[in-house]
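The values are calculated or read from the model by the stated rules, or taken from the named source; none is laboratory data. Computed from a predicted structure; not experimentally measured. Don't worry about glycine lacking a Cβ; one is built from the backbone with ideal geometry, like all the others, and counts go over all protein chains shown. With ligands, DNA and RNA removed, areas are computed over all heavy atoms of the protein, side chains included. Shrake-Rupley method; radii C 1.70, N 1.55, O 1.52, S 1.80 Å.
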Amino acid sequence: MKIIMLGAPGAGKGTQAKMLSEKFNIPHISTGDIFRANIKNNTELGKKAKTYMDQGLLVPDELVVDLVVDRVKQEDCTKGYILDGFPRTIPQAEALDKALAALSDKVDFAVDVEVPDENIVKRMSGRRACLKCGATYHLEHIPPKQEGICDTCGSELVLRDDDKPETVLKRLGVYHEQTQPLIDYYKKAGILLEVDGTVDMKVVFDNIVSAVTK
Ligand code: ADP
Ligand code: ADP
Ligand code: ZN
């Protein structure tokens, strides 16, 4: 099963992608996590990506497309994968479709997790992230068992640099301008699933699972 997660920053794409990845036993591929790992390791890609990410801007398509296309061709992706945070522009979506078509392959579902802008800024200020394993928590809604520590790997949790309210507003603007057109793109392709992302994360999850296994 090949699934794309769509939605505003903070809509819950990563949270759902992680659960779907465990349920279906397929890789969770988060371009944001890949960039953050590169920044942490101070790679050339990380240095380039950071200048855009810190401003709340998208990293240029040419830095992300090949990375994802190479990743989905790896052995562990033959049964499927969850793409989280990619594609984020129409050219990225077209490049993915083209690369998959060349392998006689295609995406099965694009899941749009819908959360109104008003909820997003509040959600993001409470987000805490583990930069080691990619897990995310929320101070109120989804707290870790031990304050400030990742349940999964025991690392320290942080407020991401780009989760400051000013940067979140910028990212929301970028989302509406560059990423939201993908909703129409996948609707036209007949593979769009729209889910309400404002309800409890377990309810969101059940709704996605029943839609993709129908
Ligand atoms: P969120 O989970 O809040 O939506 P991500 O972790 O997916 O954020 O992405 C963080 C940042 O990484 C983005 O604001 C953007 O700068 C960069 N990024 C991630 N994926 C992509 C992509 N597919 N294209 C361009 N930039 C990306
Ligand atoms: P995205 O990957 O779309 O940027 P995340 O999965 O990181 O979003 O979720 C953003 C924040 O909202 C995190 O702090 C997460 O714990 C929290 N969150 C995710 N799903 C829900 C939900 N259904 N209700 C409330 N908070 C949620
Ligand atoms: Zn962790």
First in the range 188-214 and in contact (Cβ under 8 Å) with a residue 40 or more places away in the chain, second anywhere and open to solvent by 70 Å² or more (accessible area, probe 1.4 Å) and part of a loop (DSSP other than H, G, I, E, B), Cβ under 8 Å, 6 or more apart
MET201/HIS141
Which of the residues belonging to the range 44-65 are in contact (Cβ under 8 Å) with a residue 60 or more places away in the chain and open to solvent by 20 Å² or more (accessible area, probe 1.4 Å)?
MET53, ASP54, GLN55, LEU57, LEU58
Of all residues being more than 24 Å from ALA8 (Cβ to Cβ) and free of Cβ contacts under 8 Å to residues at least 60 places away in the same chain in the range 80-99, which is farthest from ligand 1 (Cβ to nearest atom)? Just the residue, please.
LYS98
Looking at the range 29-43, which of its residues are part of a strand (DSSP E or B) and without any contact (Cβ under 8 Å) to a residue 60 or more places away in the chain?
ILE29
Restricting to the range 1-28, and then to whatever is within 11 Å of ligand 1 (Cβ to nearest atom) and in contact with a Lys or Arg (Cβ under 6 Å, 6 or more places away or on another chain), can you tell me which residue is farthest from PRO181 (Cα to Cα)?
GLY10
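Kindly establish whether THR213 is within 16 Å of ligand 3 (Cβ to nearest atom), open to solvent by 30 Å² or more (accessible area, probe 1.4 Å) and within 26 Å of GLY80 (Cβ to Cβ). Steps first, answer last, please.
On the way: within 16 Å of ligand 3 (Cβ to nearest atom): no; open to solvent by 30 Å² or more (accessible area, probe 1.4 Å): yes; within 26 Å of GLY80 (Cβ to Cβ): yes.
Criteria not met by THR213.
Across the range 51-101, which residue is farthest from GLY173 (Cα to Cα) among those that are part of a loop (DSSP other than H, G, I, E, B) and among the small types (Gly, Ala, Ser)?
Residues of the range 51-101 that are part of a loop (DSSP other than H, G, I, E, B), as a first pass: 54-60, 73-74, 78-80, 85-89.
This time we only want the ones that are among the small types (Gly, Ala, Ser), so: 56, 80, 85.
Numbers: GLY56: 9, GLY80: 31, GLY85: 16 Å.
Selected residue: GLY80.
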Pick from ASP97, ASP117, ASP70, ASP61: which is within 16 Å of ligand 2 (Cβ to nearest atom) and not hydrophobic (A, V, I, L, M, F, W, C)?
ASP117
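Matching residues to (1) free of Cβ contacts under 8 Å to residues at least 60 places away in the same chain; (2) in contact with a Phe, Trp or Tyr (Cβ under 7 Å, 6 or more places away or on another chain); (3) away from ligand 3 (no atom under 14 Å from the Cβ); (4) open to solvent by less than 90 Å² (accessible area, probe 1.4 Å):
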position: LEU103; (1), (2), (3), (4): yes, no, yes, no
position: ILE120; (1), (2), (3), (4): no, no, yes, yes
position: GLN146; (1), (2), (3), (4): yes, no, no, no
position: THR152; (1), (2), (3), (4): yes, no, no, no
position: ASP162; (1), (2), (3), (4): no, no, yes, yes
